[in-house]
Amino acid sequence: MTYIYGIILRIEINLVNSVYSWNYMHLFRKLLFCFLVHFTSAVCFGQARINERIVIVKEVDSVSKTYNGIFISGSNTAYVDNGSRYTVLDLKRADFNFWNPRRLDSLLLEHRVFPDIVLSENSFLVPRYVDSLNKVSYHKVNAIINELPLENVNWKELSKVYTTGEFISTSNQLSPKKRGFWFSPDVFNFSANNLQGAKVFKAFKYDLKEKLRISISYNENAYNTMSNDDVLTGNDLVVGYDKVRGKTASFNGKTSYIDVKTATEIHFKELSITAWIKPKTIEGALSIVGKGEVFSAKINNGYLQFTSPKIKDHFTKKIVVKPNEWIHIAYVYIPNDKMFFYVNGKLIEEQKAFEIDQTNHSVLIGTNLWGENYHGLMSDFNMWTRALSDDEVNEVYKGGLVSNGEVYSGYAVTLWTVGILLILIVGLILSKAVWGKKKLLNDRKSVHLDSYATSGPLQYHVQCLGGFKILSKDFEDISHKFSPKRRELFLLILLYTLREGGITSKKLGAILWPNFSPSNVKNNRSTQIREIRNIFENYLNLDIVYSDKKWKVMLGEDVKVDIVALQKMMDNIFRNKSKVTENAMPNIVQLINQGTLLPNIEVDWLDELKGQYGNVVLDSLIPFLETKETLSKNLLLDLSNAILIVDPLHEQALKVKLEVLTAQGKHMSVKKEIENFMKLYEKFYREPYSEKLI
C-alpha cells in the first residue's frame, strides 16, 4: 500500500508541473477517491456488520423530519441533534476533493455515531462508500424513563453527542449521563454476542436529598441535619433571626467559619453547592465554602467564582451579587466537563470545567485555604456529591429542603403561628416515640383447613421471597432507590433483626466493610443508614434504629413484610426447629410459594441464612406430607410446591404433587413435571434418575 501511495504522489507532482495542472488535478482527485474507496474505506470500524443496511435517499423528508444529522457543505461540517429516530450523513453538498473516505471515517469516529441514512444525489462515488460502511458493526442504543425516551442524554464516551430516544453508535462501551438522573445499567460493553436489538438504559430521577452530604441548620450553633455523626465546629458564629430567612448565621468576615471535620474523607466526583447569602460587602474574594486544595466556591467583587489552586478560575461574566440583599446562589461542578452558575434558581452561565484534586481536608463554610472570609448572613447551605439538574436547583430555590429547618416569608411570624408549630412538633415527637416501640407484626390471620382455597399472589411492602422488592405505602415500586450497598445493608439489618434481635456495629462493619478503618466503617455506615432513612421517611412507615447496642429494623403497624409474616408464624425461621400448627400451615405455604429467599442476591453472609431458612422450612412442612389424607387436594398441592421451592429434588414432595395432578386429570402437567425433575436430577448428580416416580 505504501508503494502505491508513493506512485500516486509522484504522478500528482508531475501533474502540478503541467500547464493544465488544475484540470488534471481535479480529475486525478476524482479517480483517487474511487481508488481509495476500495482500499481504505471504514477500516477504523472493525467487525463485520450484522444490522440493517444504510439507506441512500435524495431528500431526508422522504424518511423522517426528526433525525440526528451530520451536514457537510463544501469542506465544512455541522452536527445537529433534532431528535434521534435516524442519523443522517448529508453528502449532497460535500466537496469530494476534500472529503475522501478516510476523512469521512474520521468524522464519524469523532462523533462516535453511525448513519443509517446517507443523503446524496446518488453520485456513483457515494454507493461505493456506503457499501464499505455496510460491512461495519454498530449498536442501537436508547435511554428511557417510564417507558418514554429521556431527552438530551449525554454519553461519557461521546462527549459531543446528546440524544433523545434510539440512536446508533460504533462505540464499544457506553455510559449514559444526565444531571438529576441515574441509570440502570450505568455502563455497557458491546460485543459480537450482544449486537442484536437496541440496548436500553433505564433512567430514574434522583430524590432531591439523594447524595446530599451537608445541610446546615442552626439552633444556638450550626449542625448538619444529614449526619448526626459529623463533627462541626462553629467559630465566632452568631446565630440570629432574620425576618426574611428565619434562623441565619452571621459571619464577621474575620474569624467566623464552620468546620465540618468529618467531611475530610469526601471525594467529589461531582459537586453541587447551594446557599442563601446576604453579604455586608462584596469587595474582594469572600469564600462561601472551601475544602483544602480541592476547591473554593466564593463571590469576588460581586461575581460568582469557583476556583482551585491548580486549575483555571471560573468566573461569571457579570456582577450578580449586591451588598445587603438576599440572593440564592448555586454552583454545579462536573470535573473535566462543565461548570454551572445559578442565581435565584436560574442558570446564568456555563463554562468548560477542569479536573479537581482530592485531598483529606475539612470542609470550611465561610472561609477557605487562603483565609478569604465571608462577611454577612447565610442560611440554608447545602452540598451534594452529585450534579444537580436545572430543575433541582430551581426546586431548592423555591422550596428549600424540609430538613433545613424553618424558612419564613417576609411577613412577621405571630405567636399563634409559633404555637401551632410547637403543637405539630410535639405531636410528631410523641407519635415517633409510640411508633418506635411498635413490634414487628404479622399482617395475616390463620385460615382453617376446611376453608382453604388457593389464593393469588400476596402483596407486601417489603418482599424477600421470590426476589427483593420494596413498595411504598401506596404500593409504588421504589426498589430502584436502593443502590446495591444500600440494599445489602438494609437486608442485613432486617434479617438479623429476625434472627438475633438486631446486629452490632462491629459485626455489621466486619461483614460489609472488612479491612476498613473504624472511622471509615463508621462514616460509610452513617451515610448509608441516613440515605435509607431519607427514603423511608418519604415513602414508608419504617425505620432503622440503634437500641440495646444493636441496629434493628422497626415497622409501623401498616407495613407488611413477607419474611416478617413468616417469622411470626414459625417462631424463628433462621435458628430454631419450628413446630407449625395445622391452622398456621396454609398461610405459611402460601407465603413460601411466593418464591425462594432473595434468589438474585449473592453475597457470602447471606448463604448461611439461606441454608438455615431452608432447613427450618423443610423440617416444618415435611411432616404434613405424612398426613396427606387429612388435607384437601389444593392444600396438598400447595404444600408439595412449597417444599419443592426450597428443595427442587425432594422426591416425596414430587410424588405427592404427581398423585394430586393425576387425580385431577392433568396428565400433561404430570409428564412435564417428571421431565423437568429428571433433567434437574441429571444436571445436579451427573447421572440419570433411575426410579419410577409414579
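No value in this document is a laboratory result; all are computed from the given coordinates. A quick note: this is a predicted structure, and the numbers were derived from the prediction, not measured. A quick note on method: Cβ atoms are made from the backbone with ideal geometry, for glycine too, and the neighbour counts reach across all protein chains shown.
The aspartates and glutamates within cross-link reach of K199, meaning a Cα-to-Cα straight distance under 13 Å and a gap of 8 or more places when in the same chain, are E166, D186. Please compare each pair in K205/K610; K291/K398; K211/K352; K209/K522 to a cut-off of 22 Å on the Cα-Cα distance and tell me which ones are over it. Cα-Cα > 22 Å for K205/K610; K291/K398; K211/K352; rest within. Note on W605, W182: ascending count of other Cβ atoms within 10 Å places them as W605, W182, the fewest first. Near D604, once Lys and Arg are set to +1 and Asp and Glu to -1 for all other residues with Cβ below 12 Å from its Cβ, the sum equals -3.
Extending 7 Å from Cα along the Cβ direction at F475 and again at S159 yields two label points whose distance is 4.9 nm. Can you tell me how region 475-537 classifies by the Cα gyration tensor, rounded, prolate or oblate, using a/c under 1.5 as the rounded cut? It is oblate, given that a/c is not under 1.5 and a/b is not larger than b/c. Among R93, R128, a tally of other beta-carbon atoms within 10 Å of each Cβ gives an order, fewest to most, of R93, R128.
Here K338 is the anchor, and the aspartates and glutamates within straight C-alpha reach of less than 12 Å, apart from those fewer than 8 places off in the same chain, are E270, E349, E350, E355. To the nearest 0.05, what FRET efficiency results for Q358 and N189 with a Förster distance of 30 Å applied to their C-beta separation? Once rounded, the FRET efficiency stands at 0.65.
For K92, a cut-off of 20 angstrom between C-alpha atoms picks up these aspartates and glutamates, skipping any fewer than 8 places away in its own chain: E59, D61, D81, D105, D116, E121, D131.
Using a simple spin-label model with pseudo-atoms 7 Å out from Cα toward Cβ, E395 and R102 lie 5.1 nm apart.
Pairs from the list K202/K485; K579/K666; K485/K560; K178/K552; K135/K160 with a Cα-Cα gap above 28 Å: K579/K666; K178/K552.
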